[in-house]
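What follows is one structure encoded as C-alpha cells, with my remarks underneath.
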Amino acid sequence: MSAAADGGVTVNAVTYNSPTSITLNVSTVGASSDVHALTITNPDGQRVTVPAALTMGTISGDFSGDGKADITVFRPSTGIWYVRNVVTGLFEFYQWGLNGDIPVQGDYDGDGKADVAVWRPSTGIWYIRNSSAPGAPSFLQWGLNGDIPVPGDYDGDGKTDAAVFRPSTGIWYVRDLATNTAAFYQWGLNGDVPVSGDFDGDGKTDIAVFRPSTSIWYVRPSSTPGAPGFYQWGITGDIPILKGP
C-alpha cells in the first residue's frame, strides 16, 4: 500500500492497521499552507483520493480581541501556537496540541477573542483553551476518525460550535457547546470539500460544500434552508478559499 499527498507534503511511510484504518508518517517541511489532498493506492492498484485529508499552515483569528486578525501559525511538530499582533508587533506563544492534531480556533466562549483549540482525529476530542478562562479548558468528544472539523457559529449566538463533516455519508454533525444540543444535516457527497461560511449575512454559519469534480458550490443558507444556492466557480484542481465564522 502506498500514499501520496499534494502541496509539498511527503508521505514517508504507510502502516496498514485494518481494512478501515491506516497510519501515515508524513513530512511537512516546505509544504504549502492550505488544505492538502491525499491519494491512497492498495496493492491491487485501486486508488482513492480524499480532497481535504490534511490541513496545515497559517491560521487567521483575532486572538487579542482588537478587531483585527493576528498572524498565527501552529507548529505540529511541537504543538506550539505562535501569535503575532500586526498592530503592536507583540508575540505570544501557547503550547496546545500534539503532532497530528488539527487547529480549530474559534470564539468558543463568546468573549470576542479567538480561542486556541485543536481537534484530535484519533479520538475525536476537541481541546479548547478558552481565552476568558485559560486555566479552565474545555474538552469535548465530537466526531470520528475520518471526519473533517468545521467549527462555526451555526446558531448565531456569538459562540463557535463544534462541528464535523463526515465525507463517507455527507452528514454534518453540529454541537452547541453552550446548550449541549446537537443538530444533523445531510449535505454533500464523499469527495466534497466543506466550505462553511455566512453566505447570506444573517450572522449564522451556513453549511456548504465545494465539489472538485464539477467546481460547483452547494450552499444551504440558514435563513432559507429550503432555497439552497448552487454556483459553478472554479476549475478542476482549484482549492476553495473561504474563512467564515
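The values are calculated or read from the model by the stated rules, or taken from the named source; none is laboratory data. The shown structure was predicted, so the numbers you read here are calculated from the model rather than taken from an experiment. Cβ placement follows ideal geometry from the backbone for every residue including glycine, while neighbour counts extend to all protein chains displayed. Quick note on the areas: whole protein, heavy atoms, side chains included, nothing else; ligands and nucleic acids left out. Shrake-Rupley method; radii C 1.70, N 1.55, O 1.52, S 1.80 Å.
Using a Gaussian network for the chain with springs between C-alpha atoms less than 10 Å apart, which of these wobbles most: Trp96, Trp233, Trp187? For the chain, modelled as a Gaussian network with Cα springs under 10 Å, the answer is Trp233.
Over the Cα atoms of the range 75-206, Rg to Rh with Kirkwood Rh, two decimal places? Display every interim value, and only then the final one.
Details: Rg = 15.0 Å, Rh = 15.5 Å.
The Rg/Rh ratio comes out at 0.97.
Taking the Cα centre of each part, how many Å lie between the range 180-245 and the range 132-155? So the two Cα centres are separated by 20 Å. A 1.4 Å probe over all protein chains sorts Ser131, Ser77 by accessible area into Ser77, Ser131, starting with the largest. Under 5 Å from the amide H of Trp142 lie the amide H atoms of Ile125, Trp126, each residue being 5 or more positions distant or on a separate chain, with H modelled from the backbone and absent for Pro and chain starts. Tell me the net charge near Pro149. Cut-off is 12 Å between Cβ atoms, Pro149 excluded, with +1 for each Lys or Arg and -1 for each Asp or Glu. For residues surrounding Pro149, the net value is 0. Measuring with a 1.4 angstrom probe and ignoring ligands and nucleic acids, Phe230 comes out at about 120 Å² accessible.
Please tell me the relative contact order of the chain in percent, rounded to the nearest whole number, where contacts are Cα pairs under 8 Å and at least six residues apart. Mind dumping the intermediate values first?
Values: 598 pairs, mean separation 21.9, N = 245.
Averaging sequence separation for qualifying contacts and normalising by length gives 9 percent for the chain.
Taking amide H positions as modeled 1.01 Å from N, with prolines and chain starts lacking one, the residues under 5 Å from Asp161 and 5 or more places away or on another chain are Gly152, Asp153, Tyr154. Computed over neighbours whose Cβ is under 11 Å from that of Asn85, the net charge equals -2, Lys and Arg +1, Asp and Glu -1. For the chain, a simple Cβ point-charge model (Lys and Arg +1, Asp and Glu -1, everything else neutral) yields a dipole of about 580 debye relative to the Cα centre. Sorting Asp206, Asp66 by accessible area puts them as Asp66, Asp206; the probe is 1.4 Å, largest comes first, and only protein heavy atoms count. Computed on the Cα atoms alone, the convex hull of the range 187-245 gives a volume of 72 cubic angstrom per residue. For P(r) over Cα pairs in 10 Å bins from 0, in percent, computed directly from the structure shown, the correct entry in [x] 7, 24, 30, 27, 11, 2, 0; [y] 7, 30, 37, 21, 4, 0; [z] 7, 34, 39, 18, 1 is [y].
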